[in-house]
Amino acid sequence: MLANLDTDLLRAFVAVAEQLSFTRAGERLGRTQAAVSQQVRRLEDTVAKRVFERDTHGVRLTRDGEVLLAYARRMLTLNDEVMALMRRTTTVASVRIGTPDDYATMLLPEVLARFNASYPDVMVEVVCDNSPDLVAEIDKGRYDLALVTRRSDDPGGELVRREPVAWVAPPLDPATGPGVRPVERCDPLPLALFPKGCVVRDLAVDALDRIGRDWRVAFTSKSVVAVHGAILGGLGVTAMEECTVPPSLRRIGPADGFPELPDIHIALHRAPGQLAKPVRLLADAIHDLVGETAR
């Protein structure tokens, strides 16, 4: 019989992962360091995996902890959305925002949590899709806002911030013998990618084509959690925005024979016409918490 994950335990886990300290996580949650440590142990017992490595240098996530972190953030966001919806007043304002899966997972949880704390009567619906499709749909009024990726020379939308793009590979396994070559040296190069239409995917394969590097698609998914898992599992390498790279993955670059990739822009599009106040408030929150000054 499957066990259930306790959201209180997940909230403690996420706090420690973000603070890299049980003491600071306790201060954030209003709990003692010992209480937070006990919650994390209970979570580890539930999932039957260690999620943190602890030593004299501090706290760091294990590989299993990295995988759990992305799911924990999603589950807490969904939990908070449901609770806000159930506790709403009779009249509910709503905002519909479109964004790629990696931004929904890595950038928006804090925005939505703070926005919900300030405006609990506003329901926010997040829909994930490729950036070009979102831009096309927002002009039709399907979304109120769209937080998307664009090339640095593309027009449209409000610039939220510039973001470097990195090549990412699996961590090196110390147990692997010297005769085993890392996946980034395979020919053709196996890639784990988002589906066609992803801006970063296009930048990556164009850059490989320019240097004449043969490549093949080894894995594809719309889910950033799935792509992270594929890289951790050694299925290939990928390119992704720096803000979406978990600490467990290894960055590679020109020294490893990979071409430099240009920065992308994270941009916010608003639906045409006069926007309701909740939409403007959420747009302001995105600029404040995701923009250049928030990095």
Cβ-Cβ under 8 Å pairs, at least 6 apart or on other chains, region 193-216 side closer than 20 Å to Leu147 by Cα and small (Gly, Ala, Ser), far side crowded, with 19+ Cβ neighbours inside 10 Å and modelled with pLDDT under 95: Gly197/Asn130; Gly197/Ser131
Members of region 239-248 found to be more than 21 Å from Glu260 (Cα to Cα) and at pLDDT 95 or above, listed by number: none
Hey, Arg96 under 23 Å from the mean Cα position of the chain (by Cα), assigned to a helix (DSSP H, G or I) and not hydrophobic (A, V, I, L, M, F, W, C) or not: no
Verdict on Thr77 being assigned to a loop (DSSP other than H, G, I, E, B) and modelled with pLDDT under 90: no
Residue check for Glu53: in contact with a Pro (Cβ under 7 Å, 6 or more places away or on another chain) and either within 25 Å of Asp101 (Cα to Cα) or outside any helix (DSSP H, G or I) (or both): no
So Arg280, is it at pLDDT below 95 and within 24 Å of Arg151 (Cβ to Cβ): no
Candidates Glu163, Glu137 - the one that is within 21 Å of the chain's Cα centre (by Cα) and either under 21 Å from Tyr103 (Cβ atoms) or at pLDDT 95 or above (or both): Glu163
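Here is a yes/no grid of residues against (1) more than 18 Å from the chain's Cα centre (by Cα); (2) at pLDDT 95 or above:
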residue	(1), (2)
Pro190	yes, yes
Pro195	no, no
Val205	yes, yes
Asp214	yes, yes
Val217	yes, yes
Ser223	no, no
Ala226	no, no
Gly229	no, no
Val237	no, yes
Residue within region 203-218 that is touching a helix residue (DSSP H, G or I) at 6+ places or on another chain (Cβ under 8 Å), surrounded by fewer than 18 Cβ atoms within 10 Å (Cβ to Cβ) and small (Gly, Ala, Ser) present: no
Residue list for region 5-28, restricted to those being touching a residue at least 12 places away in the same chain (Cβ under 8 Å) and either surrounded by fewer than 18 Cβ atoms within 10 Å (Cβ to Cβ) or of a type in the set (Val, Ile, Thr) (or both): Leu5, Asp6, Thr7, Asp8, Val14, Val16, Leu20, Ser21, Arg28
Residue among Arg11, Arg73, Arg96 that alone is within 27 Å of Ala226 (Cβ to Cβ), touching a Pro at 6+ places or on another chain (Cβ under 8 Å) and not assigned by TED's automatic domain parsing to the domain that holds Glu242: Arg73
Filter result (of a type in the set (A, V, I, L, M, F, W, C) and either modelled with pLDDT under 95 or under 18 Å from the mean Cα position of the chain (by Cα) (or both)) within region 253-269: Ala255, Ile264, Ile266, Ala267, Leu268
Residue satisfying condition, being at pLDDT 90 or above and more than 27 Å from Val245 (Cα to Cα), within set Gln33, Gln39: Gln33
Filtered residue count, region 238-295, keeping only those that are in contact with a Phe, Trp or Tyr (Cβ under 8 Å, 6 or more places away or on another chain) and surrounded by fewer than 20 Cβ atoms within 10 Å (Cβ to Cβ): 9
Criterion: in contact (Cβ under 8 Å) with a residue 12 or more places away in the chain, within 29 Å of Phe258 (Cβ to Cβ), in a strand (DSSP E or B) and in contact with a Ser or Thr (Cβ under 8 Å, 6 or more places away or on another chain) - qualifying residue of Val168, Val124: Val168
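The values are calculated or read from the model by the stated rules, or taken from the named source; none is laboratory data. Nothing here was measured: the structure is a model prediction, and the numbers come from that model. Please note: Cβ atoms are built from the backbone with ideal geometry, for glycine as well, and neighbour counts cover all protein chains shown.
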